[in-house]
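One structure is given below, encoded as C-alpha cells.
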Amino acid sequence: MIQTSQAPKLLDRVRHKIRLKNYTFKTERSYVNWIKRYILFHQKQHPKDLSHKHIEAFLTHLAVDLNVAASTQNQALSALLFLYKEVLHMPIKSVHVDWAKKPEKLPEILTRAEVKLLFARLRGKSLLVCQLMYGSGLRLSEAVSLRVKDVDFEQRHIIVRNGKGQKDRVTPLPAYVVPNLQKQIAITRQLHYVDLQNGHGRAPLPHALVRKYPNAETEWAWQFVFPSSKLSRNPQNEQSSLYRFHMHTSTVQRALKKTAQELDLSKRAHPHMFRHSFATHLLEDGENIRTIQELLGHKDVRTTMIYTHVMQKPAALQSPLDKLMI
C-alpha cells in the first residue's frame, strides 16, 4: 500500500517558518495564539480564503469590543501580516486599520535610595538578577537567560545575545557584583557536573545552532548563569531530552513584589524599573545619551530621550509658588 505524505497543518507551517527565522519561543507562542484567534473569529475559515477586510474586522473587534491595549492590537496585526507574507505568500498590501498608538507614558523609575533599600532586602539569584538589570541596563529576559560564555570577568563586560530586534550588544559588568556572580557561576558549574553524571546537562540552544553544533548543548560555556531548579523538556518539542533551562522571570517578579510590599514602597515596583533607573541615573550623572542608547540597545535615540523627562531637576530650580510665598 502506497502511503501519501500529508501536507503539514497551517499552524505547524507557521511554527516552522518562525523557527527558520530564529524568532524567540515567546514570539512563536504569541503569533500562533493570534492566528488561532483570527481563524476562530471567522468561524474556522482558512486564512487563504479571507481578505484584508477580514483582518480589518478582526482588529476592529479587538479594539472596539475587547478594548485591548495598543500594544496588543499591534502584536495581533504583526502576527497576521507574518502569516500572509511569510507562510501563505499572499502579502497584504493594504489594511485600512490604523496601527494603534501607544499612550505616551513616562517610565517609572526608582530613586537611588529606593534601589539601595530593595537590594538590602532581596536575596539569592533574584538579588543578582536585579543588580545586573540596574548595573548593566539589562531587560529581565536578558538577565535570566545570560549564558556563562557571555560574562567576561577579565574585560568586565557582558555580551547580550539576540536582544530586542535580534541584535547583540556589549554592556559593562559592574565591579560590585563580580564576587557574588563568580560564586553563582561556581554553584551552576557544580550543578552542571551533577547533571552530566546523571546523563543530562543540556541547555537549549538557538534553533540554527543546534544543527551547526549538535554537541554544544552539554558544553559548559553554553549553560545558563541562572539555571532553573528543575529539568524540563523543550516546549517546542515535547519528545526532546530533558534540559536545564534558565530560571523563570516570574521568580524575580514575585521576589521583588514581596520585598517592595515589606518595605511599604509607594510605587508598584516591577523589574523593568531597574533598567529605567539605570538609564535615568546615568543621565543625571552626565553620561552622553548616545552612549546610553547603545547600552540599552535602542534602535532610535528618541526612545532613549524619554528618560530626560524623568531626570531629577537641578536643585537650584525653584518653583514659582515657593518664590511667591517667601
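No value in this document is a laboratory result; all are computed from the given coordinates. Keep in mind that what you see is a predicted model, and the values were worked out from it rather than measured. No Cβ is skipped: glycine too gets one built from the backbone with ideal geometry, and neighbour counts run over all protein chains shown.
Between Arg233 and Asp65, the simple spin-label model (points 7 angstrom out along Cα→Cβ) gives 3.6 nm.
Every Cα-Cα pair of the stretch 10-87 was included, and the share exceeding 18 Å stands at 36 percent. In the chain, a dipole from Cβ-located charges (positive for Lys and Arg, negative for Asp and Glu) runs towards its positive end, and of Ala186, Ile158, Gln293 it is Ala186 whose Cα lies farthest in that direction. This structure gives Cα extents along the principal axes in Å, computed directly, and of (1) 70, 47, 38; (2) 90, 61, 36; (3) 52, 41, 40 that value is listed as (2).
Can you compute the label reach from Ala113? Point 7 Å from Cα along the Cβ direction, backbone N cut-off under 15 Å, restricted to the stretch 272-312. Output list for this probe position: 312.
Using R0 = 25 Å, the C-beta based FRET efficiency linking Leu191 and Arg19 works out to 0.30. Note on Asn215 and Lys48: their simple-model spin labels are 4.4 nm apart, each label 7 Å out from Cα toward Cβ.
Over the stretch 105-256, one equal point on each Cα, no solvent: what is log10 I(q)/I(0) by the Debye formula at q = 0.08, 0.13 Å⁻¹? Here the Debye-derived log intensity ratios amount to -0.24, -0.63.
Applying 1/(1 + (r/R0)^6) with R0 = 51 Å to the Cβ-Cβ distance of Ser141 and Ser319 gives a FRET efficiency near 0.80. Taking Lys and Arg as +1 and Asp and Glu as -1, the other residues whose beta-carbon sits under 12 Å from that of Arg169 total +1. Distances between placed amide hydrogens fall under 5 Å for His298 paired with no residue 5 or more residues away or on another chain. Here the gap between Asn180 and Glu262, fully extended at 0.36 nm per residue and compared with their Cα-Cα distance, gives a gain of 27.1 nm.
Legend: ranking of residues Val301, Val68 from fewest to most surrounding C-beta atoms inside 10 Å; resulting order Val301, Val68. Counting 0.36 nm for each residue step from Lys85 to Thr249 and taking away their Cα separation leaves a gain of 55.8 nm.
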